[in-house]
Amino acid sequence: MRNKALAVPYVVWMAIFVIAPLVLIVAYAFTAKSGGVTLDNFSNMGQYLPAFQHSFVLAGAATLICILIGYPLAYFLSKESLMVRKVAMMLIMLPMWMNFLLRTYAWMSLLDDNGLINQALGSLGVFQWINGVFGTNISYIHMINTRGAIVLGMVYNFLPFMIMPVFSVIDKIDPKVIEAAQDLGADSMMVFRKVVFPLSLPGVLSGVTMVFIPAVSTFALSRLLGGGKTLLLGDLIEMQFLGNAYNPHLGSAIALVMMVIVLLCMAIMNRFGEGDEGVAVL
């Protein structure tokens with residue numbers, strides 16, 4: 001009985017800050033402004049299909065880039081000394097200690113047409129070399145207010161969520177398994193393909209979930225780094241609740257559909273990642 005009492009604060013917290021908002025979202029999604037039950041909020045979502053497409057495509061691209069960057073880095077760190085690991089992990093997590101908006105504003109300064117990156121390239125003579133080789137007349141590379149800038153912001157903000165679970169899983173692989181594969185005549189590449197990568201898949205799937213879900217629902221990056229040119233789901237929902245197009249019923253319907261899609265994605269990831277460890281293929 002005492003053990004159950006310890007869970008009361010958490011139950012109260014869940015009821016107030018998780019369950020109650022979900023109930024309100026469901027209620028708003030299936031009702032009209034007049035108060036009657038309706039499905040019009042869902043039928044009116046068709047005009048915003050591009051926002052769904054942009055959100056999932058950009059989030060998918062960011063997730064793929066996080067895998068391509070995060071997996072090799074996590075694998076490299078798993079082979080290094082404890083001191084190198086500590087320093088590397090501190091540097092990886094350091095940006096997370098700053099406010100999300102501050103990090104995004106910093107990237108705005110870096111990616112601006114007159115920002116630090118273009119100034120550095122100009123100082124190194126890169127633009128002069130390009131103009132001489134290709135006969136162009138460029139003085140900067142336009143990076144801000146593009147979809148590429150949005151993806152870059154997603155990768156920068158969510159990359160640690162890919163590195164940490166992958167590193168944790170690779171680091172826990174029993175060295176005896178790798179030694180057994182080597183004793184059987186497997187070279188380094190075969191050991192990686194047949195042992196390390198299959199055993200690290202749960203970490204990869206966990207990282208994909210931790211990156212894709214926040215990326216697909218982000219709302220500030222597209223406005224700050226994309227110049228508001230690419231409407232994402234997070235921005236669309238914010239507009240319905242706080243913008244001039246105030247319509248919390250439509251916003252709740254969009255949020256509900258997005259939650260269902262995200263839950264389906266999580267279910268698929270969990271289905272492929274069943275079990276605590278992957279299986280080596282020898």
Test set (1) in contact with a Gly (Cβ under 8 Å, 6 or more places away or on another chain); (2) within 16 Å of Ala59 (Cα to Cα); (3) buried (at least 21 other Cβ atoms within 10 Å of the Cβ) - Phe219 fails condition number: (3)
Some residue of the stretch 88-103 being part of a helix (DSSP H, G or I), of a type in the set (Gly, Ala, Ser), touching an Asp or Glu at 6+ places or on another chain (Cβ under 6 Å) and closer than 30 Å to Val169 by Cα: no
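Just to be sure before I move on: is Asn99 under 25 Å from Ile67 (Cα atoms) and modelled with pLDDT under 90 in the structure I sent?
The answer is yes for Asn99.
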Among (1) under 28 Å from Gly153 (Cβ atoms); (2) not in a helix (DSSP H, G or I) - the single one Lys33 does not satisfy: (1)
Residues of the stretch 21-50 that turn out to be surrounded by 15 or more Cβ atoms within 10 Å (Cβ to Cβ) and either within 25 Å of the chain's Cα centre (by Cα) or aliphatic (A, V, I, L, M) (or both), as a count: 5
Hits in the stretch 112-151 - residues which are within 30 Å of His54 (Cα to Cα), in a helix (DSSP H, G or I), in contact with a Leu (Cβ under 7 Å, 6 or more places away or on another chain) and not β-branched (Val, Ile, Thr): Leu116, Arg147, Ala149
Flag if Gln53 is among the polar types (S, T, N, Q), out of contact with any Asp or Glu (no Cβ under 8 Å at 6 or more places or on another chain) and closer than 28 Å to Met259 by Cβ: yes
Qualifying residue in the stretch 180-192 (condition: in contact with a helix residue (DSSP H, G or I) (Cβ under 7 Å, 6 or more places away or on another chain) and at pLDDT 90 or above): yes
Subset of the stretch 74-87 that is surrounded by fewer than 17 Cβ atoms within 10 Å (Cβ to Cβ) and among the aliphatic types (A, V, I, L, M) - its residue that is farthest from Gly207 (Cα to Cα): Met83
Test: Leu110 is of a type outside the set (Gly, Ala, Ser), without any contact (Cβ under 8 Å) to a residue 60 or more places away in the chain and over 22 Å from Leu58 (Cβ atoms): no
Sole residue being crowded, with 18+ Cβ neighbours inside 10 Å, aliphatic (A, V, I, L, M) and free of Cβ contacts under 8 Å to residues at least 60 places away in the same chain, chosen from Ile150, Ile178, Ile163: Ile178
Selection from the stretch 187-196 of residues that are in contact (Cβ under 8 Å) with a residue 60 or more places away in the chain and either under 30 Å from Met96 (Cα atoms) or small (Gly, Ala, Ser) (or both): Val196
Test: Asp171 is without any contact (Cβ under 8 Å) to a residue 24 or more places away in the chain and farther than 30 Å from Thr230 by Cα: no
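The values are calculated or read from the model by the stated rules, or taken from the named source; none is laboratory data. Bear in mind the structure is a predicted one, so any value in this text is a computation, not a measurement. Using ideal geometry, Cβ is built from the backbone for each residue, glycine included, and neighbour counts are taken over all protein chains shown.
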